[in-house]
1. Suppose we keep only residues that are surrounded by fewer than 16 Cβ atoms within 10 Å (Cβ to Cβ) and assigned to a loop (DSSP other than H, G, I, E, B) within the range 17-48. Which one would you say is modelled with the lowest pLDDT?
2. Take the range 49-77 and flag every residue that is buried (at least 18 other Cβ atoms within 10 Å of the Cβ) and touching a residue at least 24 places away in the same chain (Cβ under 8 Å).
3. When both residues are 6+ apart or on different chains and their Cβ atoms are under 6 Å apart, which pairs have a first residue that lies in the range 145-169 and is closer than 18 Å to residue 87 by Cα, and a second that is at pLDDT below 90 and assigned to a loop (DSSP other than H, G, I, E, B)?
4. Out of the range 49-65, which residues are touching a strand residue (DSSP E or B) at 6+ places or on another chain (Cβ under 6 Å) and in a helix (DSSP H, G or I)?
5. Among the numbered conditions (1) touching a helix residue (DSSP H, G or I) at 6+ places or on another chain (Cβ under 6 Å); (2) exposed (fewer than 14 other Cβ atoms within 10 Å of the Cβ), tell me where residue 80 comes up short.
6. Hey, residue 11 hits all of (1) closer than 15 Å to residue 102 by Cβ; (2) modelled with pLDDT of 95 or more; (3) surrounded by fewer than 20 Cβ atoms within 10 Å (Cβ to Cβ) but one; which does it fall short on?
7. When the residues of the range 94-122 are narrowed to those that are in contact with a strand residue (DSSP E or B) (Cβ under 8 Å, 6 or more places away or on another chain), part of a loop (DSSP other than H, G, I, E, B) and modelled with pLDDT of 95 or more, which ends up farthest from residue 160 (Cα to Cα)?
8. Among the residues of the range 137-144, is there at least one that is at pLDDT below 95 and closer than 20 Å to residue 35 by Cα?
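The values are calculated or read from the model by the stated rules, or taken from the named source; none is laboratory data. Just so we're clear, the structure is a prediction, and the values are computed from it rather than from any experiment. Backbone-built Cβ (ideal geometry, glycine too); neighbour counts: all protein chains shown.
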């Protein structure tokens with residue numbers, strides 16, 4: 001479990017099917033409901049989607065808050081992480097800790113809120129349930145005492161043709 005540029009997340013190697021399954025089990029979440037991943041750079045983004053629509057670069061450039069983009073054509077990821085329509089949600093975090101973690105790991109990491117599925121996401125570390133804390137293999141000690149509430153990212157789903165839908169603003 002680790003802090004992100006939005007809220008505390010549960011994460012793992014996004015290319016490892018067994019690790020992804022462990023998160024679904026911990027969150028009591030059906031695996032038909034995809035989770036998002038974090039990558040550290042635009043170059044790494046291209047390794048996990050077949051094509052990045054031009055509008056994605058424009059949206060990232062003008063966004064003034066964390067934004068997750070759901071891309072069509074996921075590739076090179078654990079199959080149980082990819083949505084039924086072949087899409088995957090990806091965010092490039094604006095957070096030094098996350099960027100360094102991903103860079104050193106050299107792979108994308110899953111980032112899903114540190115809560116049981118369908119429960120309100122915790123806005124601070126203190127609000128994370130004991131069930132979640134006890135269910136993870138490791139908890140990063142950095143930023144646990146910050147009381148400023150985290151906010152979830154906006155979520156936008158793109159199509160190759162440039163059309164998009166806003167899921168969460």
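1. 32
2. 49, 53, 56, 66, 67, 68, 69, 70, 71, 72, 74, 77
3. 154/169
4. Of everything in the range 49-65, just one residue is touching a strand residue (DSSP E or B) at 6+ places or on another chain (Cβ under 6 Å) and in a helix (DSSP H, G or I), namely 56.
5. (2)
6. Among (1) closer than 15 Å to residue 102 by Cβ; (2) modelled with pLDDT of 95 or more; (3) surrounded by fewer than 20 Cβ atoms within 10 Å (Cβ to Cβ), the lone unmet condition for residue 11 is (3).
7. 114
8. No, every residue in the range 137-144 fails to be at pLDDT below 95 and closer than 20 Å to residue 35 by Cα.
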